[in-house]
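Read the structure below first, then the notes.
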Amino acid sequence: MGFLHKRRPSEEGGDLVYVSLVSAIDEGGCPICRLLSKVEVSALQSLLYEHVNDPYVRKLIIHGWGLCQYHSWLMARLAMEDRSLGSGLGPAIIMEDLLSRYLEALNKGTFPRAGSGCYVCKQLQEFEEVYVESFALEIESTDLLSKYVANSKSVLCSRHFNMIIKLANESVRERLLEIQRAKLKNLVNIIRKYINKHDYRCQESITEEEAESWLLAIEALVGLRALLSGLHRVP
Ligand SMILES: [Zn+2]
Ligand SMILES: [Zn+2]
């Protein structure tokens, strides 16, 4: 990941992170959360597909005393819902090893906290930095901001908005704040319409945008995670 920190996005927008950010903006929701959801899902998919017996990955897992609660359950859901991932065999091999080590530790009188050094969480943290820094940088030098404006369903969550606005250059900070306020105001109006249409006197039907507005509001306030939103599901 180190090299990404040092690279400046190209003017033409050919940069790989730029391309990812644009496609995340197209998707709607918080672009940073959406990208991170993909990172955690693909990290666990590749663990189950090919790395269960990989000595390097196994060392990461052992070193962190397994995956955190959230990523353990995301791994379980992926294993259960995608047959191509070998159902329960991968997780069983990992858990047998971890549980034996945990038992050994107890026998020696130590009390490790399982999942305390989750390697997927560490990876996510690195990716989050890269995506947030790139977003802040690219709204200065590319058309990223106008793409963000153009999709009303794309709304940075409060965490990622705060991170980006802190890093953003003064020249774009005001504009980003203005855009964010306009997006949130628009979302409030859509939710109000949705609520009002529940009145029995109202004849108008509820649009798809209105029906999804409160979900987008959750994402705008507290962000999104693959497992909790169901976005981990393979088609
Ligand atoms: Zn977010
Ligand atoms: Zn984790």
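The values are calculated or read from the model by the stated rules, or taken from the named source; none is laboratory data. Note that this is a predicted model, so its numbers are computed, not measured. A quick note on method: Cβ atoms are made from the backbone with ideal geometry, for glycine too, and the neighbour counts reach across all protein chains shown.
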Open item on the list: Which pairs turn up if I take residues in region 29-40 that are near ligand 1 (Cβ under 9 Å from one of its atoms) and look for partners that are basic (Lys, Arg) with beta carbon separation below 9 Å, at least 6 apart in sequence or on another chain?
Closed with: GLY29/LYS153; CYS30/ARG159; ILE32/ARG159; CYS33/ARG159; CYS33/ARG225; LEU36/ARG225
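From the list HIS63, HIS71, exactly one residue is within 22 Å of ARG225 (Cα to Cα) and either surrounded by 20 or more Cβ atoms within 10 Å (Cβ to Cβ) or touching a residue at least 24 places away in the same chain (Cβ under 8 Å) (or both). Which is it? First the steps, then the outcome.
Details: HIS63 fails: within 22 Å of ARG225 (Cα to Cα).
Of the residues listed, the single one that is within 22 Å of ARG225 (Cα to Cα) and either surrounded by 20 or more Cβ atoms within 10 Å (Cβ to Cβ) or touching a residue at least 24 places away in the same chain (Cβ under 8 Å) (or both) is HIS71.
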Task: Candidate set: region 54-91, residues that are within 15 Å of ligand 2 (Cβ to nearest atom) and outside any helix (DSSP H, G or I); chosen: the one nearest to ALA105 (Cα to Cα) - done: TRP65
Open item on the list: Of the conditions (1) surrounded by 21 or more Cβ atoms within 10 Å (Cβ to Cβ); (2) modelled with pLDDT of 95 or more; (3) part of a helix (DSSP H, G or I), LYS122 satisfies every one except a single condition; which number is it?
Closed with: (1)
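Which one of LEU227, LEU156, LEU231 is surrounded by 16 or more Cβ atoms within 10 Å (Cβ to Cβ), modelled with pLDDT under 95 and not in a helix (DSSP H, G or I)?
Going through LEU227, LEU156, LEU231 in turn, just one is surrounded by 16 or more Cβ atoms within 10 Å (Cβ to Cβ), modelled with pLDDT under 95 and not in a helix (DSSP H, G or I): LEU231.
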